[in-house]
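Participant: Just dropping this structure here.
The values are calculated or read from the model by the stated rules, or taken from the named source; none is laboratory data. Every value quoted in this text rests on a predicted model; they were computed, and no experiment measured them. As a convention, Cβ positions derive from the backbone with ideal geometry for all residues, glycine included, and neighbour counts pool all protein chains shown. What goes into the accessible areas is simple: the full protein's heavy atoms, side chains included, and nothing from ligands, DNA or RNA. Shrake-Rupley method; radii C 1.70, N 1.55, O 1.52, S 1.80 Å.
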Amino acid sequence: MKVDPVRDADVVIVGAGPAGSALAMMLGRSGCSAILLDRAVFPRDKVCGEGLMPAGVEVLAGLGMACDEFQNLGGVTYRVPGAGSARGLFMNGSGGRGVRRFRFDQLMAEGAAATPGVQARFGCAANGIEHAGGGVVVKTASGDVTANYAVGADGLRSRVARWMGWSRAPRKPYRFAFAGHVAAPRHGLDRVVVTLLDRCEVYAAPTQPDELLIAVLGTKDALRREGETVREAYARRVSAAHPEAAVSPGTAVHGAGPFWVRPSSVAGRGVFLVGDAAGFLDPLTGDGMSDGLVAARRLAEIISSKRPEPERAYRRWEAGQWRRRVLVNRLALTLTGSSLLARRALRRLQQRPSTLDRLLQVNDGSQSLWSLSWRDWSALVGI
Ligand SMILES: Cc1cc2nc3c(=O)[nH]c(=O)nc-3n(C[C@H](O)[C@H](O)[C@H](O)COP(=O)(O)OP(=O)(O)OC[C@H]3O[C@@H](n4cnc5c(N)ncnc54)[C@H](O)[C@@H]3O)c2cc1C
């Protein structure tokens, strides 16, 4: 791609989280120039369940990032106290990873900054977008950045989406999360464990040999009792689901939400959204990072191929991804939202574990929804 002589780069990317950094690396490698902006300096933390699904590990392998320093994840276990558990396996060779975001995002941002063709500006917030001379202008405190295209990779409450007039309010019922890193000496966990408690879910992923990331998910009234502090509510749920883990006075507990946010468009007039900026459903399915990485790969292919109407191509591809994600999320929330349905599904999935293996593949996009047979569906609805 040729940069217009009066423009600073082919593409300006707002946000150097996993999606923005991966996109910058891929564009740089395909011969495009990119300016990568982030208001934060790295390392910085991000509230997350820190379970990277296999599709994301595969995208990183394509970038030459081995992820060896992170904990392996072999699958996901769902359990209901008193009703047992069902184990699903990640069927591809590389499995998933428990990625400490403080470290992982730093590796991604540094990888992007070191890629030829990428100019990284961290500690530099974008303040607005304008269109001029057939290109885009991103406003920052240290001056304007001009490019052929702009990408909003700026997370859940995307400013880029707002500047484009695409923002929409989160959908009800509003769900929230409390998350923290909790000491769990020699936990031996090599998978994500989702425990369904009364009206909330506890999601745990190993991030160190002696540490778990534990997120508690639910509606506001389900998460906290009257008069309870966030820490007390979090500790109560963590000890119910993981008595082996200890919430100490030093454990930092962060809140996030509400979720289920979807802008009215993800591409138009030379501007694209990727990662959470393009929509985020619910942390329960743990697919946010891997979906963002897969979308970054597709967007880099579309932009670097110089095809006409790249916005249209991306919108069409992304709509298919979103449909799949919505279906899997709705299924997960329906099952976890009813103790009766959850127990019935769990019983059937214990008898038919291959259904859960396949559902995990659908969740991370490596299999289509059509790969689920009627036997799988009947197991999921517990009949
Ligand atoms: C409680 C919880 C649990 C989760 N669990 C999981 C899980 O287990 N697995 C999983 O895959 N996903 C999980 N997710 C989702 C995951 O965290 C997100 O999908 C992922 O971080 C999205 O990456 P991103 O690159 O799109 O955005 P982000 O990681 O949010 O990065 C956005 C970047 O944009 C920058 N930025 C924002 N505004 C501006 C601006 N104006 N100018 C410049 N820079 C800006 C920010 O500083 C930030 O660095 C979870 C989320 C939550 C809340």
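Participant: Within region 121-159, work out how many residues are in contact with a strand residue (DSSP E or B) (Cβ under 6 Å, 6 or more places away or on another chain), open to solvent by less than 30 Å² (accessible area, probe 1.4 Å) and in a loop (DSSP other than H, G, I, E, B).
Facilitator: 3
Participant: Of everything in region 246-274, what is in a loop (DSSP other than H, G, I, E, B) and touching a helix residue (DSSP H, G or I) at 6+ places or on another chain (Cβ under 6 Å)? Give them in sequence order.
Facilitator: Listed by number, the residues that qualify are Val247, Val253, Pro263, Val266, Val274.
Participant: I'm trying to understand the selection: among the residues of region 21-42, which are charged (D, E, K, R) and surrounded by fewer than 24 Cβ atoms within 10 Å (Cβ to Cβ)?
Facilitator: Arg29, Arg39
Participant: Identify all residues within region 316-343 that are within 15 Å of Thr195 (Cα to Cα) and either modelled with pLDDT of 95 or more or among the basic types (Lys, Arg) (or both); write none if there are none.
Facilitator: Arg343
Participant: Which of the residues belonging to region 265-300 are without any contact (Cβ under 8 Å) to a residue 60 or more places away in the chain and open to solvent by 20 Å² or more (accessible area, probe 1.4 Å)?
Facilitator: Selection gives Arg298 alone.
Participant: Further question: Considering only region 318-369, how many residues are closer than 30 Å to Gly152 by Cα, surrounded by fewer than 19 Cβ atoms within 10 Å (Cβ to Cβ) and among the β-branched types (Val, Ile, Thr)?
Facilitator: 1
Participant: Given Arg100, Arg168, which one is surrounded by fewer than 19 Cβ atoms within 10 Å (Cβ to Cβ), in contact (Cβ under 8 Å) with a residue 24 or more places away in the chain and either of a type outside the set (Phe, Trp, Tyr) or in contact with an Asp or Glu (Cβ under 8 Å, 6 or more places away or on another chain) (or both)?
Facilitator: Result: Arg168 is the single residue among Arg100, Arg168 that is surrounded by fewer than 19 Cβ atoms within 10 Å (Cβ to Cβ), in contact (Cβ under 8 Å) with a residue 24 or more places away in the chain and either of a type outside the set (Phe, Trp, Tyr) or in contact with an Asp or Glu (Cβ under 8 Å, 6 or more places away or on another chain) (or both).
Participant: Identify, from the list Ala169, Ala147, the residue that is closer than 21 Å to Ala9 by Cβ, among the hydrophobic types (A, V, I, L, M, F, W, C) and either within 8 Å of the ligand (Cβ to nearest atom) or more than 17 Å from the chain's Cα centre (by Cα) (or both).
Facilitator: Being closer than 21 Å to Ala9 by Cβ, among the hydrophobic types (A, V, I, L, M, F, W, C) and either within 8 Å of the ligand (Cβ to nearest atom) or more than 17 Å from the chain's Cα centre (by Cα) (or both) holds for just one of Ala169, Ala147, which is Ala147.
Participant: Separate question: Inspect region 126-141 for any residue being under 24 Å from Gly28 (Cα atoms), within 13 Å of the ligand (Cβ to nearest atom), without any contact (Cβ under 8 Å) to a residue 24 or more places away in the chain and of a type in the set (Gly, Ala, Ser) and give the result as yes or no.
Facilitator: No, that holds for no residue.
Participant: Before we move on, is Arg315 in contact with a strand residue (DSSP E or B) (Cβ under 6 Å, 6 or more places away or on another chain), under 30 Å from Asp10 (Cα atoms) and open to solvent by 60 Å² or more (accessible area, probe 1.4 Å)?
Facilitator: yes
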